[in-house]
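See structure below.
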Amino acid sequence: MSVFGRSGLLGVLNGIEYGFYDLDLSYIVMPFFAWLVAGSSKFVVNSIKAKQLAFGLIGYGGMPSTHSAIVSSMVALIAFKEGVEHPAFGVAIALAFIVLLDANSLRNQVGKHAKAINVLNKDNDLPDLRERMGHSKLELLGGIVVGIVTAYFVHLVFNSLRFIAKRFSSLSNSNSLLSLLSTLTLQQRWLLLTFMGLKIALLWFVPLTGDEAYFIVWGQDLSLGYYDHPPAVGWVLYLLSGIADNLVVYRSFAFLAAIAIAYLLYQTLRLHPKVEKITAFYVAMAFLVSPISLMFVVTANDTVLVFFSVLGFFYYAKTLAQPTLVNALLAGLFLGMAFLSKYFAVFMLLGLFGYSLIYIKQYGWKLISFMVLIVLLFVAENLYFNATHCWNNILFNFFSRTTQSTFEIGNVLSYIAMIIGLLSPLGLYYLIQQARQAKPQQDMTLLPVMRQVLFASLPLLSILLLVSLTNPVGLHWPLLAVSLLYVLYALLPQQKLEVLYLFNGYISVVIGIVLLVALSFVDQLIPATQKHHVAVYTQPEKVCAQLPKSTFFTLGYSSQSALSYHCQNDDIHVFMSVSKFGREDDKKTNFKAMAGQDLKVFMTDEKDIKKMRPFFDNLAVETLKISDEVSYYLVEGKHFNYELYREQILKAVNENFYTAPEWFPKLSTSCGFKEKYDFK
């Protein structure tokens, strides 16, 4: 049988177990693993300090000490496995002591000699010697800590693998998730691996999008809220930036969130004994390889919304099924974070509140009231931000975005088709077929968690249907609702769930391949007249190389955010924008203070240059050649006319986006934009 089969996997594990007993591989792995962790940590620390990827600082010197980590890891591993009384521990201590002394003394002297030699050779055409060679005592201590921690980790991992090797046979006969994964056929396993591989490729190769860059910019400035939406996505990206300011790190949240959501769907169904584990497993797997999951490549506010919503819903359902104060607390916290992710969560919260009221006698009011109280704390945080920031979130989401609405039947049909596609056409067909064939009060009886899902999902889907009457609905808007509705597929028999898993997986694989092929031929697919719109995102290195490192402006938030990230320049701002989207930069600019100054503006279209002329005495245009087909323009305007800019641009921005209707409650008179530009 293939190594992917059960006997093959058992054979591998048995071989590992044999290796552990006769040749402890942890001693071979340990120094390399310590070197990898210490080197990676040093690269991250250096990159954070340099605010760019510090490939030039790889090597000797820096925090933590790699040599210290390597020798300390072996000392610690011997101590963990053999004890401090073992002779090998003494030998390891002696070796580590010598390495630490040399790192703090001898290698520091070598660094000083290199520095002196470089001074002497400054007039000669000779390469400079590396001056960073030794370590401070703090860097040595950092290396020792890394060594001990990695040794403990390796010790635990190898002990755990030994335990797994011993117990795998018994586990394979149980109903654990491990055993359920082992029941997948060879086709199902290869489909899962292919899907995950394609998703990782998309995570790696999809260019940074404008919205994604915009949220990353949020994460650079921790705040109680931001212009467009509540702050949760900014908080998540802020935490991720502490690991590394790297696009793959930011996107890893979306990748892991899809796996977590699939697991939460499994656990939600397992709250009810009537749902068999194999049924819950295939529902989760059908979601994991679905086009919905494929969309979880970019970390945006919808990604964070679905994650916290499903997590909050799970603990809400668990509170009702297994009522404890801890479950209620976690439900309130995660549902509150869902609210702070995006206002779409309001409709889920109202649906769950309605369900709670209907069944209040069955579940009791105490824990439900506690959950509501916790959620209201998050609502209060958002209301405080809005009251002190011109009601930004409220005005944008409920007023600015609803202007210029007209009825189009195409929007409605597109919305319906979108929901069918996201939920899986085959899955919906199976549900309808199951309902027709079901006997009364038997097969299609809804479990409590399924009723809860309907209460949580249908309000949002209904609202979006109404929105589609006058506006197009974005593909990402219903993600929260359709993700939860996957719970309903537990009504299907296992055979149909397995087919649904394969159907979803193959559809996603086709979509993923098409996207990767399109990315490979993006230059050929985009018309020449449109290439200037995308080069900012597909060729950022060439663009950044020709842009100033100092302050300049763009004409939109998308290019501003993307260039800010790629060029590692926090002094890029937005000029002349009267758009309702992406106005977070209004907080960072003060055009009043720029009166009379010379300003540089980056433009992707030559036709836009004339729009600048009224606000300056004269313009100097520099052409930036990106490729044979794409040229950009860096326009320097002389003597900025603030008064005219205020009258023609800022006044319209104030009236459209910072002024609430007369009937709106006046809870606060504070509005930084109005105060900055003297608007009443």
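The values are calculated or read from the model by the stated rules, or taken from the named source; none is laboratory data. These figures come from a predicted structure and were not determined experimentally. Cβ sites come from the backbone with ideal geometry, for glycine too, and all protein chains shown count toward neighbours. The accessibility values were calculated without ligands, DNA or RNA, using every heavy atom of the protein model including side chains. Shrake-Rupley method; radii C 1.70, N 1.55, O 1.52, S 1.80 Å.
A compact table of results
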{"quantity": "Extended-chain gain in nm, criterion 0.36 nm per residue less alpha-carbon gap, residue 587 and residue 397", "calculated": "66.6 nm"}
{"quantity": "Heavy atoms of residue 496: accessible area, 1.4 Å probe, square angstrom to 10", "calculated": "40"}
{"quantity": "Sparse-neighbourhood loop sites, GluC sites (Glu not before Pro) in the range 583-680 - DSSP loop, at most 13 other Cβ within 10 angstrom", "calculated": "629, 662"}
{"quantity": "Of 659, 619, 433, farthest towards positive along the dipole that unit charges on Lys, Arg, Asp, Glu beta carbons give the chain", "calculated": "433"}
{"quantity": "Mean Cα-pair separation over length for the chain, i.e. relative contact order, pairs under 8 Å, 6 or more apart, %", "calculated": "13"}
{"quantity": "Anchor residue 274: aspartates and glutamates whose Cα lies under 12 Å away (excluding residues fewer than 8 positions away in-chain)", "calculated": "443"}
{"quantity": "Largest to smallest principal axis extent of the C-alpha atoms in the range 527-663, angstrom", "calculated": "52, 34, 28"}
{"quantity": "Calculated FRET value between residue 278 and residue 521, using beta carbons and R₀ = 41 Å, to 0.05", "calculated": "0.45"}
{"quantity": "Size descriptor, Kirkwood hydrodynamic radius, that averages inverse alpha-carbon separations across the range 219-376, Å", "calculated": "16.5"}
{"quantity": "Over 27 Å (Cα to Cα) - which of 277/496; 588/666; 592/625; 587/680 fall in this group", "calculated": "592/625"}
{"quantity": "Principal axis dimensions, largest first and in whole angstrom, of the range 277-340 by Cα", "calculated": "36, 33, 10"}
{"quantity": "Calculated log₁₀ intensity ratio I(q)/I(0) where the Debye formula runs over C-alpha points of the range 630-680, q = 0.15 Å⁻¹", "calculated": "-0.57"}
{"quantity": "Per residue solvent-accessible surface (Å²) - the range 629-680, probe of 1.4 Å", "calculated": "56"}
{"quantity": "Gained length - residue 121 relative to residue 324, 0.36 nm times residue gap less alpha-carbon distance", "calculated": "65.8 nm"}
{"quantity": "Solvent accessible area, Å² - residue 177, 1.4 Å probe, full protein context", "calculated": "60"}
{"quantity": "Cα Rg, Dmax, the chain, angstrom units", "calculated": "29.5, 94"}
{"quantity": "Mean accessible surface per residue for the range 304-370, computed with a 1.4 Å probe while every protein chain stays in place, in Å²", "calculated": "39"}
{"quantity": "Fully extended contour minus Cα-Cα distance, from residue 383 to residue 435, at 0.36 nm per residue", "calculated": "14.3 nm"}
{"quantity": "Within the range 537-564: backbone nitrogen closer than 20 Å to the residue 620 label point (7 Å, Cα to C-beta)", "calculated": "545-554"}
